[in-house]
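Please treat every number below as a calculation from the coordinates, not as lab data. Note that the structure is a prediction, hence the values are computed from the model and not measured. Reconstructed Cβ throughout: ideal geometry from the backbone, glycine too, with neighbour counts over all protein chains shown.
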Amino acid sequence: MSDATRQLTLFVRSKKAVTTFYRPIQGATTGSAAVPPGGAMGTSATPTRGADDAELIADSPVYFLSDDQARCAALVEEFARRRGYDLKVVDIERAGRLERMVAEHLKGVQTFPVLLAPNGRRLEGIDAFTEEAIAELMPTELKGVVRAFTYLKVRGGQFDQIRAQLESLAPVKEMHFLTGDWDVFLVLEFRESAAGKRQVLDFVTEKIRGIPEVIDTSTLVPEWSVTKFPLLTSEREASRAAASGGGPGTPRSAP
């Protein structure tokens, strides 16, 4: 993908905090009280709060993001980091350009946050920020896994028996029962290894074709794959590796 297709913008809207919490007076030394001439500590060394403080607070407002919006932002940032996308986060309230931003990018928006993709697709509002929806906007190359697809022909009337046996096999991620030349379509997933396609075909011939009800199989192993599904095996492993401090073999966060 080109760089332009890997750039997304997340618009959030913070709120200005109304607070009376203490803030250091401008010019005061951080971590210590001011010392008057002669080195003696006196009452004049302690900053007092009054009208000047109120003016200072007004000039330096504090903004905060709701936990719901912050959670959405963290989820998008995680996906972007794992899938090699560039993410720009814009707080339209702090930027002070609300009307222009709405006119240029967010026409008709009622709720925040808003995730804007290069193709014009967007997610709007907290409820829209699911893993599935975010992954739709960030397709990624399959890394660290091998996904394969197998067609099965089975003996008539044996679907219940074969379903139970197929469900017990860890690499079988999906089963689809068909009509036509083939009876079952399987989605298989394996960790990437030096064995490559052979590990897939070994599994099919030894495990699947070893089921008495299976008459014939045909397997496809893609040379290259892109997915919109969330939380791939490789992404889960990368998350666990990052949480444990990483180490050799830790997947890269970007291509």
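FRET efficiency for the E131 to Q161 pair, using the beta carbon distance and R₀ = 35 Å, is estimated at 0.50. Applying the Kirkwood pairwise sum to the alpha-carbon positions of region 145-224 produces a hydrodynamic radius of 12.7 angstrom.
Only the Cβ atoms of Lys and Arg (+1) and of Asp and Glu (-1) were treated as charged; on that basis the dipole of region 145-224 about its Cα centre amounts to roughly 140 debye.
In region 145-224, taking the dipole from charged Cβ atoms about the Cα centre, the farthest positive-side position among T150, G210, Q199 is held by Q199. Panel order for V214, V62, by other beta carbons found within 10 Å of each beta carbon, from fewest to most: V62, V214. Put a dot 7 Å past the Cα of A117, heading toward its Cβ, do the same for A70, and the two dots end up 2.9 nm apart. In order along region 62-77, the Karplus-derived 3J(HN,Hα) couplings, from 6.51 cos²θ - 1.76 cosθ + 1.60 at θ = phi - 60°, round to 9, 10, 9, 9, 4, 4, 4, 5, 4, 5, 4, 4, 5, 5, 5, 4 Hz, and Gly and Pro are given as x. Cross-link partners of K228 among lysines, defined as those whose alpha carbon lies under 24 angstrom from its own and excluding same-chain residues fewer than eight positions apart: K88, K143, K173, K197. Put simply, the amide H of D91, placed in the peptide plane, has neighbours under 5 Å in V12, leaving out anything fewer than 5 places away on its chain.
Sorting 133-142, 153-162, 173-182 by their mean Cβ neighbour count within 10 Å, with the most densely packed peptide first, gives 133-142, 153-162, 173-182. Placing +1 on the Cβ of every Lys and Arg and -1 on the Cβ of every Asp and Glu, with nothing else charged, gives region 59-180 a dipole about its Cα centre of roughly 680 debye.
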